Amino acid sequence: MLLCIDTGNTNTVFSIWNGERFLAHWRIATDHRRTADEYFVWLSTLIEGQKFDLDIDACIISSTAPRVVFNLRVLCSRYFDTRPLVVGKPDCLLPVNPRVDSGTVVGPDRLVNTVGAFDRHGPDLIVVDFGTATTFDVVDMDGAYIGGVIAPGVNLSLEALHMGAASLPHVDVTMPAKVIGTNTVACIQSGIFWGYIGLVDGVVGQIRAERARPMKVIATGGLAPLFDQGFDLFDAIEDDLTMHGLRLIHDYNKEMGNG
Ligand SMILES: Nc1ncnc2c1ncn2[C@@H]1O[C@H](COP(=O)(O)OP(=O)(O)O)[C@@H](O)[C@H]1O
Ligand SMILES: CC(C)(COP(=O)(O)O)[C@@H](O)C(=O)NCCC(=O)O
Ligand SMILES: [K+]
């Protein structure tokens with residue numbers, strides 16, 4: 001069985017695969033202090049409710065938080081006796097290499113999203129990931145990541161308003177009934193919701209103009225469905241895109257005799 005681990009700046013998701021068959025996934029808050037032993041206790045407790053044993057013989061990791069990787073590596077070697085592939089490291093092969101300025105370290109989550117989206121949707125894509133940051137990853141004709149856009153994430157923006165303005169409360173993101181808010185909470189919700197609709201629409205439009213070709217927009221991340229309520233911004237929403245990409249990159253490395 002394969003264990004895929006996707007560490008974002010907010011959450012870490014673990015998924016288990018038997019060949020191409022997805023078996024289960026679990027989410028834990030990202031914390032670089034979490035030890036290998038803690039991960040294992042957590043994983044083995046969750047697996048008790050499943051119809052399979054935790055019989056892992058391969059691992060692949062994508063982490064936007066570099067400090068977390070050490071303990072995840074220890075988890076893989078101590079408990080599963082495997083050496084994990086770590087996306088972004090030179091010994092982890094990608095089907096197509098990114099084309100960006102030399103010296104640029106692209107977020108591994110963006111590389112993984114690119115691979116997952118190209119496999120499902122083919123060339124010329126914009127992948128929008130609503131994570132801690134909202135990222136737009138542009139996929140070329142051959143499936144290469146060729147750059148994109150990084151904007152502050154939805155919850156990060158809400159938090160920043162609350163932190164920086166003494167009279168603004170913390171609010172949760174939602175689609176407001178009207179644009180013109182008649183109380184503080186409604187005003188903030190409107191600013192975030194309509195602001196992000198405009199941001200996504202504007203950035204996608206500019207990318208399309210710059211590329212001068214039709215491009216499909218694929219959205220992922222927990223908040224993607226919120227921005228899909230009748231606005232026609234996305235061609236598809238796939239919350240398993242990163243995990244699909246991780247599984248493909250693992251299989252590609254195996255096919256190439258790597259790891
Ligand atoms: N279904 C959801 N509803 C509301 N907020 C969500 C949902 N899923 C994720 N979030 C929030 O969106 C932000 C990004 O989450 P996530 O996609 O896990 O980020 P990352 O991949 O950067 O760790 C976090 O603040 C998280 O709490
Ligand atoms: C842009 C990101 C912070 C997004 O991370 P996330 O929101 O998934 O936690 C991450 O992909 C990153 O740290 N990237 C490095 C710079 C780059 O991709 O160009
Ligand atoms: K992201």
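Just to be sure I understand the filter: pairs with C-beta atoms under 8 Å, separated by 6 or more residues or on different chains, first member in segment 34-51 and in the same structural domain as ASP81 (by TED's automatic domain parsing), second member basic (Lys, Arg) and open to solvent by 70 Å² or more (accessible area, probe 1.4 Å). Which pairs pass?
ALA36/ARG78; PHE40/ARG78
Please verify whether segment 225-236 includes one or more residues that are in contact with a His (Cβ under 9 Å, 6 or more places away or on another chain), modelled with pLDDT under 95 and in a loop (DSSP other than H, G, I, E, B).
Looking through segment 225-236, none of the residues is in contact with a His (Cβ under 9 Å, 6 or more places away or on another chain), modelled with pLDDT under 95 and in a loop (DSSP other than H, G, I, E, B).
Give the number of residues within segment 92-116 that are open to solvent by 40 Å² or more (accessible area, probe 1.4 Å) and not charged (D, E, K, R).
Residues that pass the stated criteria total 10.
State all residues of segment 1-24 that are over 14 Å from the mean Cα position of the chain (by Cα) and either within 13 Å of ligand 2 (Cβ to nearest atom) or not β-branched (Val, Ile, Thr) (or both); if no residue qualifies, say none.
Listed by number, the residues that qualify are MET1, LEU2, LEU3, TRP17, ASN18, GLY19, GLU20, ARG21, PHE22, LEU23, ALA24.
Each row is one residue, and each column tells you yes or no for (1) within 12 Å of ligand 3 (Cβ to nearest atom); (2) of a type in the set (Lys, Arg).
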| residue | (1), (2) |
| --- | --- |
| LEU94 | no, no |
| ARG99 | no, yes |
| PRO108 | yes, no |
| PRO123 | no, no |
| ALA133 | yes, no |
| VAL139 | no, no |
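Looking only at segment 202-232, count every residue that is open to solvent by less than 20 Å² (accessible area, probe 1.4 Å) and away from ligand 2 (no atom under 16 Å from the Cβ) and tell me the total.
Residues in segment 202-232 being open to solvent by less than 20 Å² (accessible area, probe 1.4 Å) and away from ligand 2 (no atom under 16 Å from the Cβ): 3 in total.
LEU23 - would you say it is crowded, with 20+ Cβ neighbours inside 10 Å and assigned to a strand (DSSP E or B)?
No.
Can you list residue pairs whose Cβ atoms sit under 6 Å apart, with the first residue in segment 57-86 being over 15 Å from LEU248 (Cα atoms) and the second being within 16 Å of ligand 3 (Cβ to nearest atom) and open to solvent by 40 Å² or more (accessible area, probe 1.4 Å)? Count only pairs 6 or more apart in sequence or on different chains.
Sorted first by the residue in segment 57-86, then by its partner, the pairs are THR64/ASN9; ALA65/ASN9.
Count, please, the residues in segment 140-152 that happen to be out of contact with any Asp or Glu (no Cβ under 7 Å at 6 or more places or on another chain), within 19 Å of LEU93 (Cα to Cα) and aliphatic (A, V, I, L, M).
1
Among (1) closer than 30 Å to VAL203 by Cβ; (2) part of a loop (DSSP other than H, G, I, E, B); (3) more than 16 Å from ligand 3 (Cβ to nearest atom), where does ILE60 come up short?
Unmet condition: (2).
Pick out the one residue from ARG83, ARG34 that is within 25 Å of GLY221 (Cα to Cα) and either in contact with a helix residue (DSSP H, G or I) (Cβ under 7 Å, 6 or more places away or on another chain) or crowded, with 18+ Cβ neighbours inside 10 Å (or both).
The conditions single out ARG34.
Just to be sure I understand, how many residues within segment 117-159 are near ligand 1 (Cβ under 10 Å from one of its atoms), open to solvent by 50 Å² or more (accessible area, probe 1.4 Å) and charged (D, E, K, R)?
Count: 1.
Of (1) crowded, with 16+ Cβ neighbours inside 10 Å; (2) closer than 27 Å to GLY107 by Cα, GLY191 satisfies all except one. Which?
(2)
The values are calculated or read from the model by the stated rules, or taken from the named source; none is laboratory data. What you are looking at is a predicted structure, and each value in this text was computed from that prediction instead of being measured. With ideal geometry, Cβ positions are generated from the backbone for all residues, glycine too; neighbour counts draw on all protein chains shown. With ligands, DNA and RNA removed, areas are computed over all heavy atoms of the protein, side chains included. Shrake-Rupley method; radii C 1.70, N 1.55, O 1.52, S 1.80 Å.
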